[in-house]
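The values are calculated or read from the model by the stated rules, or taken from the named source; none is laboratory data. Remember, it's a predicted structure, so these values are computed and weren't measured experimentally. Because the Cβ atoms are built from the backbone with ideal geometry, glycine has one as well, and the counts that use them run over all protein chains shown.
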Amino acid sequence: MSDRPTPVGALLRAAPPDRLPEVVADHLRRHYAAGRVEVLLGDLTLTGLWPLLEPDGPTGNALAVRCFGSQRPLVDIAADANRAYLPLTVWGERLGVLVVQTSLPSGTGLTSDLSAVADELAVALRAAGAVTDRYHRVIRRERLTMAAELQWELLPGRSLGDDRFLVAGQLEPAYAVFGDHFDWTLAGDRLTITVLNGAGDGLDAAVLTTVAVNAMRNARRSGADIVEQAELAGDAVHARYGGAAHAATLLLEIDLVGGHVAAVDAGSPRAVIARDRDIRAVTLEQQLPLGMFGETRYEIQRFRLEPADRLLVVSDGVHAATPGGRAPYGESALLTALRRTRLQPATEAVGTVMRGLREYHAGADPDDDAVTVCLDWRR
């Protein structure tokens, strides 16, 4: 191992955006006696890890999947070589796993060094996604509908977090979602989350949601609070559709210091809080969906989180799902699924809830798309 290897961050910044995995592999071979190197990316459903350097090579094995889920490095020690699995994560968003086979001993700070390389690669991959399609092609295992293309491009990411919180969201069906959506942003000690359910089907619903989300962002980025965000978005949607279409929306502004939550409930998304072994619904007075009428005014309602609380927000495609005439999923099956997530991080919990929803449909196609957002307040 070279005493002073060239910083991998500098190499990545100088590289073409579509060649980042090759740059890292070359760096690892030069300075860390690496043999096989692979970059595995999580697909849109986060159910598989797919190779970048060898597209026809093996997908993520059990250790790679465990690394991705736990977000901790793992080292498989063998007689001839060690194989390290390093999470590729940036600002709490899980991208995939870096796999490095090396003949260097594991007790020499190797894991720390390789983790630093993985962190640099994760940041570079996140930035490069805006200017190359290479990584998008890997995580798409089938073609998206045009509506889904709009929705995925509109997302802020699939998870976000630091030592204070972790939030994660999931859209389904991933390749054919149309009107449901989530958004979030972090500013100091304030986390803003919105969950939307745009009325209608297909591309029309996706365009409606795009208008509503961008109107809220426009207001938010101009310094507006969640009431003004809802009102501007409502006016924008009404101006475009004249009341013929609307977007049911829940806006939340969370104080990450004290746990105080300000909410604007403009329609159907529902929230529940898991606290210790207790799960309770957040009771809010529903106001009019965005865009149903012109110049609608909204009011803030308030509730509070306690340290270690889990807040789950779901669209009506989750809580109101009634496959085969069964009781709504949100009445009891959702709570059962949420209890299964007690030992999981938020990034895994959203998948558990969505798998429960699929099982509830017993193989039948759902009538609506669905969004789940999970927030763990760590404080």
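Observations on the model:
- Residues that are free of Cβ contacts under 8 Å to residues at least 40 places away in the same chain and either part of a loop (DSSP other than H, G, I, E, B) or outside the structural domain of residue 193 (by TED's automatic domain parsing) (or both), drawn from the stretch 259-276: 276
- Residue in the stretch 177-209 that is nearest to residue 143 (Cα to Cα), counting only those that are surrounded by fewer than 18 Cβ atoms within 10 Å (Cβ to Cβ) and touching a residue at least 60 places away in the same chain (Cβ under 8 Å): 190
- Among the candidates 59, 45, the residue that is without any contact (Cβ under 8 Å) to a residue 24 or more places away in the chain and of a type in the set (Ser, Thr, Tyr) is uniquely 59.
- In the stretch 169-212, of all residues being among the acidic types (Asp, Glu) and assigned to a strand (DSSP E or B), the one that is farthest from the chain's Cα centre (by Cα) corresponds to 180.
- Among all positions in the stretch 1-9, there is no residue which is out of contact with any Cys (no Cβ under 8 Å at 6 or more places or on another chain), closer than 30 Å to residue 350 by Cβ and not assigned by TED's automatic domain parsing to the domain that holds residue 372.
- Residue 4 passes every criterion in (1) out of contact with any Phe, Trp or Tyr (no Cβ under 8 Å at 6 or more places or on another chain); (2) of a type in the set (Lys, Arg); (3) at pLDDT 95 or above apart from (3).
- On inspection, residue 310 does not qualify as modelled with pLDDT of 95 or more, of a type outside the set (Ser, Thr, Tyr) and over 26 Å from residue 71 (Cα atoms).
- Helices (runs of 4 or more DSSP H) contained entirely in the stretch 288-379, each with at least 2 residues that are within 30 Å of residue 234 (Cβ to Cβ): 316-319, 346-360
- Test: residue in the stretch 116-132 that is assigned to a loop (DSSP other than H, G, I, E, B), closer than 14 Å to residue 20 by Cβ and over 19 Å from the mean Cα position of the chain (by Cα): yes
- Residue that is touching a residue at least 24 places away in the same chain (Cβ under 8 Å), surrounded by fewer than 18 Cβ atoms within 10 Å (Cβ to Cβ), farther than 30 Å from residue 309 by Cα and among the charged types (D, E, K, R), where the choices are 142, 120: 142
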